[in-house]
1. When you go through (1) under 33 Å from the mean Cα position of the chain (by Cα); (2) modelled with pLDDT under 70 one by one for residue 38, which number turns out not to apply?
2. If you go through the range 75-92, how many residues are part of a helix (DSSP H, G or I) and surrounded by 18 or more Cβ atoms within 10 Å (Cβ to Cβ)?
3. Of all residues in the range 118-149, how many are at pLDDT below 90, under 13 Å from residue 78 (Cα atoms) and not in a loop (DSSP other than H, G, I, E, B)?
4. Could we say that residue 115 is within 17 Å of residue 77 (Cβ to Cβ) and either part of a helix (DSSP H, G or I) or out of contact with any helix residue (DSSP H, G or I) (no Cβ under 7 Å at 6 or more places or on another chain) (or both) here?
5. Go through (1) part of a helix (DSSP H, G or I); (2) free of Cβ contacts under 8 Å to residues at least 12 places away in the same chain; (3) over 20 Å from residue 78 (Cβ atoms) and name the single condition residue 152 misses.
């Protein structure tokens with residue numbers, strides 16, 4: 001037999017190389033990791049736990065009382081009047097300021113009154129913006145309307 005560079009011996013007739021020394025043969029289990037003690041001969045492997053339930057069965061539900069809460073979580077209330085007034089004020093600047101401007105002022109004023117009654121004053125700033133945008137939309141619409149009326153040539 002001759003030796004090949006990887007440490008295995010080869011038969012001179014060209015047959016398969018034979019394993020040498022510490023190399024495991026094909027199909028044998030790998031050696032245990034360094035530092036572990038092998039199990040004594042004849043002992044059974046440790047069970048992995050309970051077997052899974054058969055296919056199609058449902059695990060049992062938990063029994064007993066569920067979690068107990070001392071109080072309900074705080075619900076955050078929104079100020080719908082402030083939101084509506086703000087949307088009306090923005091739309092009034094772009095579209096129909098004569099109609100939506102005064103509507104934004106009224107909704108903003110009502111939303112501000114409602115915001116002052118809420119404990120966290122939710123919507124107060126939105127209401128102020130709604131009133132400001134409503135005033136700006138109304139003034140802008142009146143100025144454009146006045147331009148149309150004051151044009152003597154009728155071009156605008």
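1. (1)
2. The qualifying residues number 9.
3. Of the residues in the range 118-149, 0 are at pLDDT below 90, under 13 Å from residue 78 (Cα atoms) and not in a loop (DSSP other than H, G, I, E, B).
4. When the stated conditions are applied, residue 115 passes them.
5. It fails just one condition, (1).
The values are calculated or read from the model by the stated rules, or taken from the named source; none is laboratory data. A quick note: this is a predicted structure, and the numbers were derived from the prediction, not measured. FYI the Cβ positions are ideal-geometry reconstructions off the backbone, even for glycines, and counts take in every protein chain you see.
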